[in-house]
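Values in this text are rule-based calculations from the coordinates and carry no lab data. Since the model is a prediction, treat every value here as computed from it, not as a measurement. When we count neighbours, we look across all protein chains shown, and the Cβ atoms used for this are built from the backbone with ideal geometry, even at glycine.
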Amino acid sequence: SSNSRRGTILSATINILSTMVGGGSLSLPLAFSQAGIGLCGPLTLVVVACASQFCMGCLVDCGMVVASSSSADASSAATAATSATTTAATARATSAATATATPTSTTSTAAPTTTTQPKGQLSYEQIASSAFGPSGHRIATILISV
């Protein structure tokens, strides 16, 4: 009954594939004709294909870094939450024992707060640093500030 359209993985894949194949099949003959006679067109095609392959590998590596970082953050958050719950329960038990022994004393204990980075919220600099080291961090910082 709502007007929102819902897509599936299959429909998204077909849409992207048809967009890429359609654009390529229409523009590639023109690009080759404009490149002139000789090896310039095929050579450029091979160079661009190699650059695309390299960039896709970098994206996969960055995706793995983000996924491993997110799962590490999630496990450390779960450990911290368990530790905080245990600490809070121990503090409440100690507070209750103290209040029973001396009814006039009031003890206020707060559970320790943990600050973890939300899942998938790494900065570009962190991803570049994880993928390419310190030079990647510097390059990402420069490119973002420009």
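Take the Cβ atoms of SER27 and SER68, set R0 to 41 Å, and the FRET efficiency comes out at 0.60. Projecting label points 7 angstrom from Cα along Cα→Cβ for ILE142 and ASP61 puts them 1.8 nm apart.
Summarising the label geometry, the points placed 7 Å from Cα in the beta-carbon direction at ALA12 and LEU43 lie 4.0 nm from one another.
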